[in-house]
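One structure is given below, encoded as structure tokens.
The values are calculated or read from the model by the stated rules, or taken from the named source; none is laboratory data. In this text the structure is predicted, and so the values were computed from the model without any measurement. Quick reminder, even Gly has a Cβ in these numbers, built from the backbone with ideal geometry, and neighbours come from all protein chains shown. Side chains are part of the model used for accessible areas, which takes the heavy atoms of the whole protein and leaves out ligands, DNA and RNA. Shrake-Rupley method; radii C 1.70, N 1.55, O 1.52, S 1.80 Å.
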Amino acid sequence: MSLFRRVVHLFLALSIFATSAWAEVPEELQNLVLTGDMNARSSVDFRTNAKNVTALVPKGTKGTVVEVRKLKRTGSYGIKMKVTQVGRNNGKNLVKKDQEVWVYYSQKDPWLKFRDPDNQTVQDPEGALTAQAKRDGESLPAIEGTVKNPTLPTREEVLRTSVDPNLVMKDRNTTEGAWCTTGTCATQQVPVHDPKNIQQVEDVLNAMPATPPPPTQKTVNKSTPPDPNNPWANDDYIMSHANSKETQNSIRRAMSNKRGRSYGYCYRYVKRALVASGQVRKYPPGRHARDAVKDLKAQGWVNLLDDPRYKNKIKSPADVPKGAIMVTWTEEAHESGDIAIKTDWGTKGGWVSEYYSPRPMMLQPKGRRKARRGFPYKIKGVMIKPVTGD
């Protein structure tokens, strides 16, 4: 075989391999956009002493996923992205179009979003990230500090507290793992953390047990005094869920982890609250809030709207019981929906997921805008998990 024909065959083989590899990337990972300024790194090493920062990836930068690795220490992800559009920024040392760089996806505070083929934000890309990280971990050379065969987050992982770079940030003008202000990242810069903030996180770590406590036994708090705002006070089926320790823990967990506003990750934050509290056995797989009804039913939850006795009583969000999970969506094409946990009874109850609001989605600005366009949010699921007391 001539040298020319060998070169042609090699080129075709590489082309087929590249095409097959791209086809394997889950569709929900094929488009991402940064919601904050981040470091561009030459390798999947996000430690403080890593000298691999090459440029700044500014807010608004778009790209596609090339490779994903799950990090052992934090449970977060390193994502190798190919830049398709650079966000607006006046800095000098910016990432360039078509460049491939590693960026950090924090479990606690992701600074990037994924969009599906319908251009909808994927409200929880965890399943797709895990699948891609598993494929890459098995088919590509091993990388120190990463998990070869990752799984969806366990309760232990959700409860884990570690020095996650995005958790020690002062504000959103800094990037993960470094105090590098917008547009001033120097090539091969050594990140410098605020020692005080690092120490505060480490103090918390030292005070925690090595392993999380086992899930609390499901019990019903029968001593809760009657609430005049609670129309369900005499319904043992509803109250067994509302008064369970798991429900109280999920509300507390969601409130303690909430953000200041929505970044499109409502279902992700609700999932993590449920896993941490022990209300679900395993991490739900759905990527959009509209998937929650099916996901939760698979783990023993019930939708009160499936029962005519309850459907006729739940006419508005004010009627939703405390601790129930309300799932809403519109009839608009490609609607992702919304999900939130109700924090109290009646109109006293607010709604928490990625952020807290005293008003349900249909009464928030986004819901009002959709209603004016003829696509109001409607209650599709009121999910509870009744428990039996001793």
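Got a sec? Which of G127, G183, G137 is modelled with pLDDT of 50 or more and either among the hydroxyl-bearing types (S, T, Y) or more than 20 Å from the chain's Cα centre (by Cα) (or both)?
The conditions single out G137.
So which pairs qualify, if the first residue must be in the stretch 329-354 and farther than 14 Å from I379 by Cβ and open to solvent by 10 Å² or more (accessible area, probe 1.4 Å), the second must be charged (D, E, K, R) and part of a loop (DSSP other than H, G, I, E, B), the Cβ gap must be under 7 Å, and the two must be at least 6 apart or on different chains?
From the stretch 329-354, the pairs are H334/D118; D344/K322; W345/D227; W345/K322.
Touching a residue at least 12 places away in the same chain (Cβ under 8 Å), farther than 28 Å from E354 by Cα and not basic (K, R), is that true of N119?
The answer is no for N119.
Kindly provide the set of residues from the stretch 271-309 that are open to solvent by 60 Å² or more (accessible area, probe 1.4 Å) and not small (G, A, S), ordered by number.
R281, K282, P285, R290, K294, K297, D306, P308, R309
K108 passes all but one of (1) in contact (Cβ under 8 Å) with a residue 40 or more places away in the chain; (2) surrounded by 20 or more Cβ atoms within 10 Å (Cβ to Cβ); (3) closer than 25 Å to S336 by Cβ; which number fails?
Against the list (1) in contact (Cβ under 8 Å) with a residue 40 or more places away in the chain; (2) surrounded by 20 or more Cβ atoms within 10 Å (Cβ to Cβ); (3) closer than 25 Å to S336 by Cβ, K108 comes up short only on (2).
Anything in the stretch 36-54 that is buried (at least 18 other Cβ atoms within 10 Å of the Cβ), over 13 Å from L71 (Cβ atoms) and not hydrophobic (A, V, I, L, M, F, W, C)? List them, or say none.
Within the stretch 36-54, G36, D37, N39, N52, T54 meet the criteria.
Given (1) buried (at least 17 other Cβ atoms within 10 Å of the Cβ); (2) more than 21 Å from T121 (Cα to Cα), identify the lone condition not met by A318.
(1)
So, restricting to strands (runs of 3 or more DSSP E) that lie completely within the stretch 27-112, which ones have at least 2 residues that are within 22 Å of Y265 (Cβ to Cβ)?
32-34, 38-41, 62-71, 77-85, 100-105
Could you say which residue among V382, V352, V293 is at pLDDT 95 or above, over 18 Å from M255 (Cα atoms) and touching a helix residue (DSSP H, G or I) at 6+ places or on another chain (Cβ under 6 Å)?
Sole residue among the options that is at pLDDT 95 or above, over 18 Å from M255 (Cα atoms) and touching a helix residue (DSSP H, G or I) at 6+ places or on another chain (Cβ under 6 Å): V382.
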